[in-house]
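Values quoted throughout were computed directly from the atomic coordinates according to the rules given, and no laboratory measurement underlies them. Keep in mind the model is a prediction, meaning the values are calculated, not measured. Positions of Cβ are generated from backbone atoms using ideal geometry, with glycine treated the same way; all protein chains shown enter the neighbour counts.
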Amino acid sequence: MDSLPWPEAIEPPPALSSAIRAQCTSDLVPKTPPHPWRRLVRSIITSGVLFVTLLAVGWTRHPPESAIGLALVGAVVWGVVQGAVLFVGYGSPPGRRAKRIARWGFIGLVLASFVAHLSLAARTRLSIPEFASVHHSVRGTVVCGVHSLIFGLMAMSVLFYLWRRTDPFSPRLTGAVTGLAGGLVGAVALDMTCPTLEAWHLWLGHGLTLGLMVAAGWSLGRRWLAP
Amino acid sequence: MTEAPLEEIMIAYVLGDAQAFDDVYRRVSPQLFSYLLRLTRNRERAEDLLQITFTKLHRARDSYLMGAPLLPWVIAIARRAFLDERRAARSRTEDLSSDGKVPEPRPAQDADAGDLQEAVERALETLPEAYREAIQLTKVAGLSLVEAAEVLDTTPTAVKLRVHRGYNLLRGQLQGFARGPQ
């Protein structure tokens with residue numbers, strides 16, 4: 001089949017070409033094309049500052065139950081995970097990023113790791129009827145979930161803004177990675193400052209919101225990230 | 001003399017060089033227009049989409065990340081514009097011809113009429129969209145399997161499979177041509 005005379009590329013009509021040229025060069029002002037790494041560094045700094053701020057505010061109100069050193073190690077580990085998520089999502093220019101399946105696998109791995117972390121951190125576990133019948137448990141879970149979502153959405157919005165219109169290839173997948181990165185800022189900061197160590201509270205109020213943030217990023221990715 | 005890589009010229013365009021836009025347009029538009037013509041099978045729509053694509057490229061030029069392959073980048077923008085337009089058209093109404101009737105499908109033409117290039121062109125038109133697009137991107141636009149996979153939002157293996165199946169169909173269509181006119 002390689003020897004077949006494949007159709008030649010066709011030139012657009014000259015009138016159309018002139019119109020497009022006029023449209024694209026009449027208001028041509030110099031812009032700075034940022035290197036992906038520069039944007040990546042900006043993204044890491046921005047989400048890091050937000051994460052540290054949320055953590056500091058949270059610890060002022062509810063000091064960590066474990067030793068402060070251990071809590072700091074946890075914060076650093078999750079900070080590194082956030083950096084890795086941003087690196088996987090944006091470390092290379094679009095068209096040269098890791099395979100789709102690898103990126104989805106990475107998202108799944110981080111989500112599973114966070115749920116595992118929450119399960120290990122849980123000290124008690126009520127039965128579902130008990131959990132549902134205790135008013136303050138449900139209320140506390142909703143409050144944590146809403147806060148986690150608000151903080152996550154704040155971080156995700158900043159990341160979407162920094163990377164807007166950059167990915168025509170897989171904007172939904174990149175949006176999901178952005179949702180995960182933003183969601184981690186909110187969910188981890190809240191998890192490290194929340195005094196409740198009941199399993200259902202952690203899974204629903206903290207873990208589920210991270211999954212919701214991935215879904216939100218996926219659904220918004222095409223609108224925000226595709227040119 | 002070898003030409004500068006498209007990606008470098010694109011950066012010059014982002015930095016405000018109008019001549020660089022001309023170079024980008026000269027090198028990208030034929031492949032893009034051919035792709036759009038086969039995608040839409042309608043010259044007017046292809047022209048509209050070409051203009052929309054370059055408008056989007058112009059607006060998003062400062063979002064072009066250094067190192068991203070330019071031709072696949074532009075084709076991916078065009079493909080998304082086409083899909084958006086088709087989705088919007090479907091939600092509005094069926095496509096009607098100028099006299100208000102539903103257009104008739106193109107009649108299949110004999111593969112053994114005319115020269116081989118015309119036969120290939122006609123045979124390509126009869127292929128299912130997925131196969132035609134995969135062959136168009138790899139054979140006419142000259143993208144690699146990986147680049148075509150990025151544009152089509154799928155895996156290189158899937159593109160390879162589509163191209164292979166498209167070849168099989170083409171082979172069937174062109175058998176009459178190989179035997180020559182009866």
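The table below gives the values:
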{"quantity": "Degrees, to the nearest 10: A:36-61 long Cα axis against longest axis of chain A", "calculated": "20 degrees"}
{"quantity": "Most mobile of A:LEU126, A:LEU212, A:LEU55 in a GNM of chain A (Cα contacts under 10 Å)", "calculated": "A:LEU126"}
{"quantity": "0 to 90° range, to nearest 10: angle between helix A:68-90 axis and chain A longest Cα axis", "calculated": "20 degrees"}
{"quantity": "Extended-chain gain in nm, criterion 0.36 nm per residue less alpha-carbon gap, A:GLU11 and A:TRP37", "calculated": "5.7 nm"}
{"quantity": "Principal axis box of the protein assembly as shown, alpha-carbon based, largest edge first, Å", "calculated": "87, 49, 42"}
{"quantity": "Region A:155-169 and region B:1-45: distance between their alpha carbon centers, rounded to Å", "calculated": "25 Å"}
{"quantity": "Cα-based helix-to-principal-axis angle, A:208-225 vs chain A, degrees rounded to 10", "calculated": "20 degrees"}
{"quantity": "Rounded FRET efficiency, nearest 0.05, which uses the C-beta distance separating B:THR55 from A:VAL52 and R0 of 45 Å", "calculated": "0.65"}
{"quantity": "Burial ordering of A:VAL188, A:VAL85, fewest other beta-carbon atoms within 10 Å first", "calculated": "A:VAL85, A:VAL188"}
{"quantity": "Residue-averaged [θ]222 nm for chain A, counting only DSSP H segments that reach four residues, each worth -39500 (n - 2.57)", "calculated": "-24000 deg cm²/dmol"}
